[in-house]
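Visitor: One structure coming up, written as structure tokens, with questions to follow.
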Amino acid sequence: MNMDKVILIKYGELSTKKGNRNFFINTLYKNIEKKLENYHVTLKKDRSHMYIEFLNEEFYKIKGIIDKIFGIHKYILANIVENDLEKIKENVLSSILENHPTTFKIETKRSNKEFPITSCEMNNLLGGYVLKNVEDIKVDVHNPEMLVKVEIREKNTYVYSHEYMGSGGYPVGTQGMGLLMLSGGIDSPVAGYMAMKRGIKLECVYFEAIPHTSLEARNKVIELTRILSNYTNSINLHIVNFTKIQEEIYRNCRSDYCITIMRRMMYRIMDKISKKYKGYVIINGESIGQVASQTLTSMSVINSVTNVPVIRPVACLDKLEIISIARKIGTYETSILPYEDCCTVFVPKHPVINPKLEVAIKEEEKFDYESLIDLAIENIDTLKIDSKEEKFSDLL
């Protein structure tokens, strides 16, 4: 295989982890290895960098994958050169000629101390060689148009000038598993993305109420899960049949409290699912004040049915900020497809904005929700969604 280039990955925030550093780096290594398993790559790591050697023609496909892997601060495309002065000089010169800068600077790092020329001497030798062979170019040590970095290592030298920003954050899986309440809207996929960026392994829960909601609505959520799986390896999507619970709520409870009670039922189910699948947190796309069920009073009343921690990554973002992230991560166009979920199908004209806990409890006593919740959990359908598959896998 013709591997004359390498991708150098910089860890960024991972480098601050001290005692847990190896755990974070090893998790990132496994995540990258899994995502690139169908490519011709060689993956290596040490405490400061990770290295991906690859077939040159696969770079842009690999780059598209690396851009979506959390835990990468920056990455660099470098030329691999033998530890030979003349070959290093020619490679640096080629890099300069390819980019046509008017000013440049050379920075050499010599980690291989057996190489006979010091870093400062290499800077002078390489800079002088460029000046001798390129017309109308100057050295600028403060603000160069092109910065060429040369890293002399034990086996090879790396020459590079371009850095790419990664997605940052922690590698997915370093913080345990969390369950995302995934609707078909704009907010919850963004919340899931933000949770994964902090290292949470994501599983999704979708509440459907067929025939009041459609199969198109379910397929919309499956597609959103597939898009989110681009940022990890695969995601389990748990589909809860919420029809009977929702119908009983609207048959027995006062209309202005229906949304409050519906959300309390969802949280009860999430609580049980979290324990069943060993999830550490519940994640959702609630944004403070956006709708009646997302006032602080409503959140307090709704949240009181579970002691599982609830994370709301977009709670303090406004709608335009959330939409901006949705566009960036590729979920927006799917989220705005006109298929309603069970949170929007039965919205009353005047939902209560500041519900009282005692009223919600009294309304819930009007029907046997415990048995309905147990039945819903017994009949959960689970799909394993993988971004590399055009279609989702069969039910687990």
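Values quoted throughout were computed directly from the atomic coordinates according to the rules given, and no laboratory measurement underlies them. No experiment lies behind these values; they were computed from the predicted model shown. With ideal geometry, Cβ positions are generated from the backbone for all residues, glycine too; neighbour counts draw on all protein chains shown.
Visitor: Two-decimal Rg/Rh of region 5-165 from alpha-carbon positions, Kirkwood Rh?
Guide: Taking Rg over the Kirkwood Rh, I get 0.99.
Visitor: Let me ask something else. Can you grab the distance from the C-alpha centre of region 268-341 to the C-alpha centre of region 194-254, Å, no decimals?
Guide: Result: 11 Å between the Cα centres.
Visitor: For Cα pairs less than 8 Å apart in space and 6+ apart in sequence, what is the mean separation divided by the residue count of region 81-156, i.e. the relative contact order in percent?
Guide: Working: 96 pairs, mean separation 36.1, N = 76.
Value for region 81-156: 48 percent.
Visitor: Could you sort out which of 45/319; 35/149; 30/276; 74/275; 44/89 sit more than 31 Å apart by Cα distance in this structure?
Guide: From the list (45/319; 35/149; 30/276; 74/275; 44/89), the Cα-Cα distance tops 31 Å for 45/319; 74/275.
Visitor: Assign one of three labels to region 133-254, namely rounded, prolate or oblate, based on the Cα gyration tensor with a ≥ b ≥ c the square roots of its eigenvalues; rounded applies when a/c is under 1.5, prolate when it is not and a/b is larger than b/c, and oblate otherwise.
Guide: prolate
Visitor: Ok, one more. Explain nothing, just the number: dipole magnitude of the chain about its Cα centre with +1 on each Lys and Arg Cβ and -1 on each Asp and Glu Cβ, in debye rounded to the nearest 20.
Guide: 1000
Visitor: While we're here: Taking region 35-78, which GluC sites (Glu not before Pro) meet the DSSP loop condition and have no more than 15 other C-beta atoms within 10 Å? Mind showing how you got there, number by number?
Guide: On the way: sites: 37, 53, 57, 58; in loops: 37.
Here the sparse-neighbourhood loop sites are 37.
Visitor: Each residue of region 39-47 in order: what ³J(HN,Hα) in whole Hz does its phi give by Karplus 6.51 cos²θ - 1.76 cosθ + 1.60, θ = phi - 60°, with x for Gly and Pro?
Guide: Karplus-based 3J(HN,Hα) across region 39-47 equals 10, 8, 10, 10, 10, 10, 8, 9, 6 Hz.
Visitor: Moving to a separate point now. Using only the Cα atoms of region 177-386, what are the Rg and Dmax in Å?
Guide: Final numbers for Rg and Dmax: 15.9, 45 Å.
Visitor: Quick one: dipole size for region 177-386, taken about the Cα centre, charges +1 on Lys/Arg Cβ and -1 on Asp/Glu Cβ, in debye to the nearest 20.
Guide: 540
Visitor: Among 289, 257, 235, pick out the residue whose Cα is farthest towards the positive end of the charge dipole of region 234-296, where Lys and Arg carry +1 and Asp and Glu carry -1 on C-beta, about the Cα centre.
Guide: Toward the positive end, the furthest listed residue is 235.
Visitor: On alpha carbon coordinates alone, what is the Rg over Rh value for the chain, Rh being the Kirkwood radius? All intermediate terms of the calculation are to be shown ahead of the outcome.
Guide: Numbers: Rg = 26.8 Å, Rh = 24.0 Å.
So for the chain, dividing Rg by the Kirkwood Rh gives 1.12.
Visitor: Compute the angle between helix 85-99 and the longest alpha-carbon principal axis of the chain, please, reported from 0 to 90 degrees and rounded to the nearest 10.
Guide: Tilt of helix 85-99: around 60 degrees.
Visitor: To continue, here is another question. Using alpha-carbon pairs under 8 Å, 6+ residues apart, how would you state the relative contact order of region 177-386 in percent?
Guide: 35
Visitor: Only sites in a loop by DSSP and with at most 14 other Cβ atoms within 10 Å count here; which trypsin sites (Lys or Arg not before Pro) in region 14-101 make the cut? If you can, show how the numbers build up before the last one.
Guide: Details: sites: 17, 18, 21, 30, 34, 35, 44, 45, 47, 61, 63, 68, 74, 87, 89; in loops: 17, 47, 68.
Here the trypsin sites (Lys or Arg not before Pro) that fit, given the DSSP loop and packing criteria, are 47.
Visitor: Here is a follow-up. Percent relative contact order of the chain, based on C-alpha pairs within less than 8 angstrom and at least six residues apart? Numbers along the way, then the final one.
Guide: Numbers: 757 pairs, mean separation 65.6, N = 396.
Relative contact order here is 17 percent.
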